[in-house]
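Some notes on the structure that comes next.
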Amino acid sequence: MKDPKDTRVVIGMSGGVDSSVAALLLKEQGYDVVGIFMKNWDDTDENGVCTATEDFEDVIRVCNQLDIPYYAVNFEKQYWDKVFRYFLDEYKAGRTPNPDVMCNKEIKFKAFLDHAISLGADYLATGHYAQVREKDGVYEMLRGKDNNKDQTYFLNQLSQDVLAKVMFPLGNLDKKKVREIAKEHDLATATKKDSTGICFIGERNFKEFLSEYLPAQPGEMQTLDGEIKGRHDGLMYYTLGQRQGLGIGGAGEPWFVVGKNLEDNILYVGQGFHHEALYSDALIATQINWISRKAPEVEMECTAKFRYRQDDSPVTVQVLDDDKVKVIFHEPQRAITPGQAVVFYDGEVCLGGATIDEVLKEDKALTYVG
């Protein structure tokens, strides 16, 4: 690696505390740091207020404090074409997409990385909680030290070419320490609240937002035995395992979404958190990315996450073809959701991930899903 002072690092800055501290750490290490704010979405509200403008103002404050240059770059078109269209198409198909995974793959670590390199960057840095390690000429992505903040789940589609050019300055820190560093240096974003949710929805009601882009088709809400329990507002508004917003009263345990029938526009519901229809023992996944580029020859044992906020589960991964795997759970799993990511791990190392296509029980597809 070149001397830090001769190494240009472009850092993606969101206006939040994480990317602010990441920029500070790089500056302290002597790198030639350039801060760039990405505008991916026009989020002007009905009052003409744009939160992106406020965030960029925070980026400017921090960059001025750190005495580093800053720019803004607009990726709204790329984001619309690569992320938002995918988001809508998945909901139309009755699935529950993960736009953060696609945003990292197509925007932050593709369009943005290309832009950084065009500015003479040797590396791109972000405030993600993850780590990169080179081992025998192969780049590995490791979980962030802070288990509660580890973001490798959302970074599962990164490639060798990308990891060779990426820095994650916060990878070996926990969130508490990041806040402490920000306060010690009196950064403008030290006490700023973390943003949550999907960036283009923000604080808005999800149902209202989605209805602006996809026409809702209300229909019947039924049990798997065909008993009508009410009406749903449109299948796209519901996800497997969902409890809120069903409007089914009465005695006994709460009701949950257990499946969808797109053809007949039926939302299936079942009573009880542990309803048997919510449990499966395997899945089929496609759009696979192996971070090392090396796929298992036939099968392998590892652990997997099926959603961000969950512990790892032991699985057996069977390779069906170049872009399809079967993942067999060692213990039945609840509410596995088509459209979401399944991400594979070997201890601290993230092996890669794929998109869940089908959910299986006793080797049969759960046909009432999808």
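The values are calculated or read from the model by the stated rules, or taken from the named source; none is laboratory data. Since the structure is predicted, the reported quantities are computational estimates derived from the model, not experimental observations. Positions of Cβ are backbone-derived with ideal geometry, glycine not excepted, and every protein chain shown enters the neighbour counts. Heavy atoms of the whole protein, side chains included, go into the accessibility calculation; ligands, DNA and RNA do not. Shrake-Rupley method; radii C 1.70, N 1.55, O 1.52, S 1.80 Å.
Taking R0 as 41 Å, what FRET efficiency do you get between Asn148 and Glu362 from their Cβ-Cβ distance, rounded to the nearest 0.05?
0.70
With the Cα gyration tensor of the stretch 1-154 giving a ≥ b ≥ c as the square roots of its eigenvalues, does the rule (a/c under 1.5 for rounded; else a/b larger than b/c for prolate; else oblate) give rounded, prolate or oblate?
Oblate is the answer for the stretch 1-154, as a/c is 1.5 or above yet b/c matches or exceeds a/b.
At a 1.4 Å probe, what is the % contribution of carbon and sulfur to the accessible area of the chain?
About 46 percent, which is the carbon plus sulfur part of the accessible surface.
If you fit an axis through the alpha-carbon atoms of helix 51-66 and take the longest principal axis of the Cα set of the chain, what angle between them do you get, 0 to 90°, nearest 10?
Long axis of 51-66 versus the principal axis of the chain: about 30 degrees.
Which value, in debye to the nearest 20, gives the size of the charge dipole of the stretch 241-370 about its Cα centre, when Lys and Arg are +1 and Asp and Glu are -1 at the Cβ?
It comes to approximately 460 debye.
Out of all DSSP beta bridges with both ends in the chain, state the antiparallel percent to the nearest 5.
So the antiparallel bridges amount to about 75 percent of the total.
Under a GNM of the chain (C-alpha, springs under 10 Å), which listed residue has the highest mean-square fluctuation: Gly219, Gly16, Gly252?
Highest fluctuation among the options: Gly252.
Select from Leu66, Leu158, Leu142 the residue whose mean-square fluctuation is largest in a Gaussian network model of the chain (Cα-Cα springs shorter than 10 Å).
Comparing Leu66, Leu158, Leu142 in a Gaussian network model of the chain, the most mobile one is Leu66.
Taking 0.36 nm per intervening residue step and subtracting the Cα-Cα distance, what contour gain separates Asp225 from Lys207 on full extension?
Full-extension gain reported as 3.7 nm.
Considering the dipole of the stretch 1-113 built from charges on the beta carbon (Lys and Arg +1, Asp and Glu -1) around the Cα centre, which of Leu24, Asn104, Ile68 is farthest to its positive end?
Value computed over the given set: Asn104.
Tell me, what is the FRET efficiency for Leu88 and Glu297 to the nearest 0.05, using R0 = 30 angstrom and their Cβ-Cβ distance as r?
My answer for the efficiency is 0.20.
Which value, in Å² rounded to 10, gives the accessible area of Asp321 with a 1.4 Å probe and all protein chains present?
My reading of the accessible area for Asp321 is about 80 Å².
Taking only protein heavy atoms and a 1.4 Å probe, what accessible area per residue, in Å², does the chain have with all protein chains in place?
Here the per-residue accessible area is 49 Å².
What FRET efficiency do you get for Asn74 and Lys193 if R0 is 25 Å and r is their Cβ-Cβ distance, rounded to the nearest 0.05?
Rounded to the nearest 0.05, the efficiency is 0.50.
What accessible surface, in Å², does a 1.4 Å probe find on Lys176, ignoring ligands, DNA and RNA and rounding to the nearest 10?
150 Å²
Taking only Cα atoms and a 10 Å spring cutoff, compute GNM fluctuations for the chain and point out the largest among Ala116, Ala295, Ala304.
Among Ala116, Ala295, Ala304, the largest GNM mean-square fluctuation belongs to Ala295.
For a test of the definition: using alpha carbon positions, the gyration tensor, and the 1.5 limit on a/c, classify the stretch 217-343 as rounded, prolate or oblate.
In terms of gyration-tensor shape, prolate.
Structure shown: which of Lys77/Lys108; Lys27/Lys110; Lys145/Lys177; Lys149/Lys177; Lys105/Lys193 lie over 18 Å apart, alpha-carbon to alpha-carbon?
Beyond 18 Å: Lys27/Lys110; Lys105/Lys193.
Measuring from a point 7 Å past the Cα of Gln160 along Cα-to-C-beta, which residues in the stretch 105-137 have an amide N at less than 19 Å?
110, 132-137
If Lys2, Lys39, Lys260 are ordered by their accessible area, calculated over protein heavy atoms with a 1.4 Å probe, which sequence runs from highest to lowest?
My answer, sorted largest first, is Lys2, Lys39, Lys260.
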